[in-house]
Amino acid sequence: MLSMLKRSGTKSGGSTAWIWQRITGLVLVVTLFLHYLFLHFLNGGTVTWEEVTQRLSSPLFKMIDLTFLVAALFHAGQGLVINIHDYVHRPGWRVTLVTLAWLLMLTLLITGTVTIVTLEPAYIDQLQLGAAQAVGAGGVAR
Amino acid sequence: MGSLRTRGFSHYRWQTGQVAWLLHRITGLALVLYITMHIWVVSSLQLGEGPFEATMAFVQSPLFRFLEVGLFFCVIYHALNGLRVIAIDFLGATEKHVPIFWVLVVVGGVLWVIGGADMITHAIEQMNHGDPFFPSLGG
Ligand code: HEM
């Protein structure tokens, strides 16, 4: 694991990052454009619960948002690594910061994926129904 | 900056590319900071309608709409300059990279003014309806 991170600073690791930074960049132009279109300019400028849950009940939008999430976080993580390699020269610090950068991206990937995937109106109805039943039963569990 | 001439590069060409690169780096890092906060804020969707709407009332207040104009600048600059970098790398646009930069400045400027005006109009409308400029959580 550590040797893998160190190797990412070598020439071969660098050119893989280079091409992926361009591929994800192109994917982001499309997904970011759609994101702005739907969340800022086609909805009158105000994001509501109603609108978001409606849109995310469509598998197509879930796929678009997941693509956006993965491309953005991969691109962001590589962007951070590029900067760490440019400004941090002590090997120990480099490995530490690169690891932290990817851990942050992983955390965001999990958070974002859970948000996108679990946001199902039917599922939320169920949760609220469950809560209502718990209250109806006088707070006694089950 | 005096050392630029001694390197034998065309003074202006080098300068445009250098400024373009620095801005690309700064806007890229700003976007990473933003996306971190953004994913965290939007995850409040999991808490249900009430908490989500409360969070959104905070981040869609006039103050944040003005900040969003700055974010929109970072997005437009980074996206268009990123495309320019890709064009230089893959389409052999190296010779024309300076004129391309200035064309994109105009295109980006127009997009920024149109989108930014939309965001500021919203902020002003909200304030006309009595919304405070600074948001308060749970208010
Ligand atoms: C909108 C579409 C985007 C395009 C076309 C794009 C394009 C690019 C390209 C081509 C590079 C490499 C530059 C180079 O090698 O000199 C780059 C770097 C970078 N991008 Fe993006 N990008 C986009 C969106 C984003 C987003 C959404 C983020 C943040 C989450 C981001 C963060 C970064 C960072 C941090 C770097 C490293 C810059 C450096 O310090 O050299 N980019 N981008």
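Below, the figures for the structure above:
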item	result
Summed buried accessible area for B+A [probe radius 1.4 Å, Å², rounded to 100]	2800
Dipole of the stretch B:16-128 [Lys/Arg +1, Asp/Glu -1 at C-beta], most positive-end residue of B:Gly70, B:Ser44, B:Val106	B:Val106
Heavy-atom surface of the stretch B:16-128, accessible at 1.4 Å and reported per residue (Å²)	52
For A:Thr48, distant residues with modelled amide H under 5 Å away	none
Cα shape, the stretch B:41-139, gyration tensor, a/c 1.5 rule	oblate
Per-residue [θ]222 nm for chain B (sum of -39500 (n - 2.57) over DSSP H runs n ≥ 4, rounded to 500)	-27000 deg cm²/dmol
Residue-wise HN-Hα coupling along the stretch A:38-46, computed from phi with Karplus coefficients 6.51, -1.76, 1.60 (Hz; x: Gly, Pro)	7, 9, 10, 10, 9, 9, x, x, 10
The stretch A:13-136 - percent of accessible surface contributed by carbon and sulfur, probe 1.4 Å	75
Average beta-carbon neighbours from other chains, 10 Å sphere, peptide B:73-79	2
Under Karplus coefficients 6.51, -1.76 and 1.60, residue-wise ³J(HN,Hα) of the stretch A:54-66 in Hz, glycine/proline x	4, 5, 6, 7, 8, x, 4, 5, 4, 5, 4, 5, 5
At least 20 Å² of accessible area lost relative to the chain alone, listed for the stretch B:90-106 with a 1.4 Å probe	B:Phe90
Protection proxy ranking, peptides B:50-59, B:101-110, average beta carbon neighbours within 10 Å, highest first	B:50-59, B:101-110
Karplus-derived 3J(HN,Hα), 6.51/-1.76/1.60, for each residue of the stretch B:72-86, Hz, glycine and proline x	4, 4, 4, 4, 5, 4, 5, 5, 5, 5, x, 5, 5, 4, 5
Rounded, prolate or oblate (a/c below 1.5 giving rounded, otherwise prolate when a/b exceeds b/c) for the stretch A:68-117 by Cα gyration tensor	oblate
Cα centre as origin, Lys/Arg/Asp/Glu Cβ charges: chain B dipole, Debye	920
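The values are calculated or read from the model by the stated rules, or taken from the named source; none is laboratory data. What you see is a predicted model; the values in this text were computed from it and never measured. Here the Cβ is made from the backbone with ideal geometry for all residues, glycine too, and neighbour counts use every protein chain on show. To get the accessible areas, we keep the full protein, side chains included, count just its heavy atoms, and leave off ligands, DNA and RNA. Shrake-Rupley method; radii C 1.70, N 1.55, O 1.52, S 1.80 Å.
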